[in-house]
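Below: one structure, written as structure tokens.
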Amino acid sequence: MDTFEWVVPTRFVFGRGVEDGVGAWATRTGHTSALLVYGGHHAQAEGLVARVRSSLEGAGLACCEHGGVRPNPEVGSVREAVRLARLHHVDLVVALGGGSVIDCSKACAMGVLHDGDVWDLFDKPHPAAPTGALDVAAIPTIPASGSEASDSCVISCDERGLKSSCHGDLIRPKVAFLDPELTLELPPYQTAAGITDICAHIFERFFSATGEVATTDGISLSLLRSVRAAAFRVMRDPHDYDARAQVMWAGTLAHDGLCSAGRAQDWASHGLEHELSAMRPEVTHGAGLAVIFPAWMRYCASEHPERLCELGREVFGLVPTGDAAADAASAIDATQDFFCSLGMPRYLDDLGFVPDDVERFLPGLAINKGTEFGSFRRLGAEDARRIYLSAFRPC
């Protein structure tokens, strides 16, 4: 078990209608002016933007808005958010939406206090160090990214075809209002992509070179079992509040650092997927992971097959045969079949990519991940090329 530090300064408020308390929380914690950040038409049409703004203004805060944040948020949108935050002298950023909205808000919170362009903080291989950040309050509407509790955010720069991350405890939201009712109307595809992303966040910790860490592994496997069970219920009945609640809480715990306590992390698959949505921002992150993770698993299975065997046994109920390689392969098949049963794609072809695109993925991957990356198995450019190519439909 490796030495570790785990800090989660986020206050979690969970249940029906809890987002109506954001204004009272903001006043109680000394804030006076907020930037409300949200995504597309849905949040406005459902009256959620108006409700949150009413909570803030009713508690005495001045409030301005930045809407229209797209999936895979682009740096231009972050720059506009920074401009508004500075213009109105805000001291709080309220993120109302999915992981893209929360990541845009985190980037804005850092960018306001940065003496330069906000992309400086993401510009690999030598990003500027953030000097501070405004407080962020998160109201997630899509259980997926776990950004409401994580120490990371990811944004894109379309001009350069890059998607890049920034990390640090200073960008963890100060509070997250988690209301499963806000997720009841999510379309099946978004629901399934979110569930896949949650599983992937746990996988990035569970599959590492550290080996077994019994307590942390038990937490990870329990979360995966809970997500899998709730996923079938949610897909059958989207208005099952309790199942939605299980998915939402698991999504938060999957990415707050708890599942990495005492172990190395991998993050190769996320790096590989980021190049997909950097090239095609319309590709949903979870959908890309549904294709990339099984391809990565097959490529790396021989390194530590016992980890895959444990996944198959403890999460999918597979009976061991005594053949580690065969049991690992069965676990990978079960994982991919689970994702596909939810409506996720199986091949990169399904997302509109062709094999010639692979060479276009590699330069950005090298900028973001370096010449070698991963923990479960160290990978380089040739390994990445083979993983990508293996994710296309067989001829």
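Points worth noting:
- The residues of the stretch 307-347 that are open to solvent by 50 Å² or more (accessible area, probe 1.4 Å) and either on the phi > 0 side of the Ramachandran plot or modelled with pLDDT under 95 (or both), listed by number, are 317, 322.
- The set of residues in the stretch 256-273 being closer than 23 Å to residue 162 by Cα, open to solvent by less than 20 Å² (accessible area, probe 1.4 Å) and in a loop (DSSP other than H, G, I, E, B) consists of 266 alone.
- Any chance residue 229 is among the hydrophobic types (A, V, I, L, M, F, W, C) and either closer than 24 Å to residue 141 by Cα or touching a Cys at 6+ places or on another chain (Cβ under 9 Å) (or both): yes
- Test for residue 282: is it touching a Pro at 6+ places or on another chain (Cβ under 9 Å), surrounded by fewer than 18 Cβ atoms within 10 Å (Cβ to Cβ) and not small (Gly, Ala, Ser): yes
- For residue 355: the one exception among (1) without any contact (Cβ under 8 Å) to a residue 40 or more places away in the chain; (2) open to solvent by less than 10 Å² (accessible area, probe 1.4 Å): (2)
- Residue check for residue 235: more than 17 Å from residue 146 (Cα to Cα) and surrounded by fewer than 19 Cβ atoms within 10 Å (Cβ to Cβ): yes
- Tally, over the stretch 182-220, of residues that are in a loop (DSSP other than H, G, I, E, B), open to solvent by less than 30 Å² (accessible area, probe 1.4 Å) and among the hydroxyl-bearing types (Ser, Thr, Tyr): 1
- Residues being surrounded by fewer than 20 Cβ atoms within 10 Å (Cβ to Cβ), over 24 Å from the mean Cα position of the chain (by Cα) and small (Gly, Ala, Ser) - total across the stretch 1-26: 2
- Yes/no for residue 223 being without any contact (Cβ under 8 Å) to a residue 40 or more places away in the chain and either over 24 Å from residue 71 (Cα atoms) or open to solvent by 10 Å² or more (accessible area, probe 1.4 Å) (or both): yes
- The stretch 370-388: number of residues that are of a type in the set (A, V, I, L, M, F, W, C) and open to solvent by 20 Å² or more (accessible area, probe 1.4 Å): 1
- Considering the stretch 238-255, the residues that are more than 14 Å from the chain's Cα centre (by Cα) and in a helix (DSSP H, G or I) include one that is surrounded by the most Cβ atoms within 10 Å (Cβ to Cβ), namely 244.
- Flag for residue 256 being out of contact with any helix residue (DSSP H, G or I) (no Cβ under 6 Å at 6 or more places or on another chain), in contact (Cβ under 8 Å) with a residue 12 or more places away in the chain and closer than 26 Å to residue 178 by Cα: yes
- If you go through the stretch 358-368 and keep only what is open to solvent by 30 Å² or more (accessible area, probe 1.4 Å) and over 22 Å from the mean Cα position of the chain (by Cα), you end up with 359, 360, 363.
- Failed item in (1) more than 15 Å from the chain's Cα centre (by Cα); (2) open to solvent by less than 10 Å² (accessible area, probe 1.4 Å), with residue 229 passing the rest: (2)
- Where helices (runs of 4 or more DSSP H) sit wholly within the stretch 278-395, those with at least 3 residues that are under 19 Å from residue 199 (Cβ atoms) occupy 285-300, 305-315, 324-341.
- 1 or more residues free of Cβ contacts under 8 Å to residues at least 60 places away in the same chain and open to solvent by 20 Å² or more (accessible area, probe 1.4 Å): qualifying strands (runs of 3 or more DSSP E) within the stretch 27-146: 62-66
- Index of the failed condition, residue 150 passing every other in (1) modelled with pLDDT under 90; (2) within 15 Å of residue 102 (Cα to Cα): (1)
- Within the stretch 149-181, tally of residues that are open to solvent by less than 10 Å² (accessible area, probe 1.4 Å) and either among the hydroxyl-bearing types (Ser, Thr, Tyr) or under 14 Å from residue 247 (Cα atoms) (or both): 6
- Residues that are closer than 17 Å to residue 291 by Cα and among the small types (Gly, Ala, Ser) within the stretch 308-365 comprise 329, 330, 331, 334, 341, 343, 352, listed in sequence order.
The values are calculated or read from the model by the stated rules, or taken from the named source; none is laboratory data. Since this is a predicted model, take the numbers as computed values, not measurements. So basically every Cβ, Gly included, is an ideal-geometry build from the backbone, and we count neighbours across all protein chains shown. We work out accessible area using only protein heavy atoms, side chains counted, and drop any ligands, DNA or RNA first. Shrake-Rupley method; radii C 1.70, N 1.55, O 1.52, S 1.80 Å.
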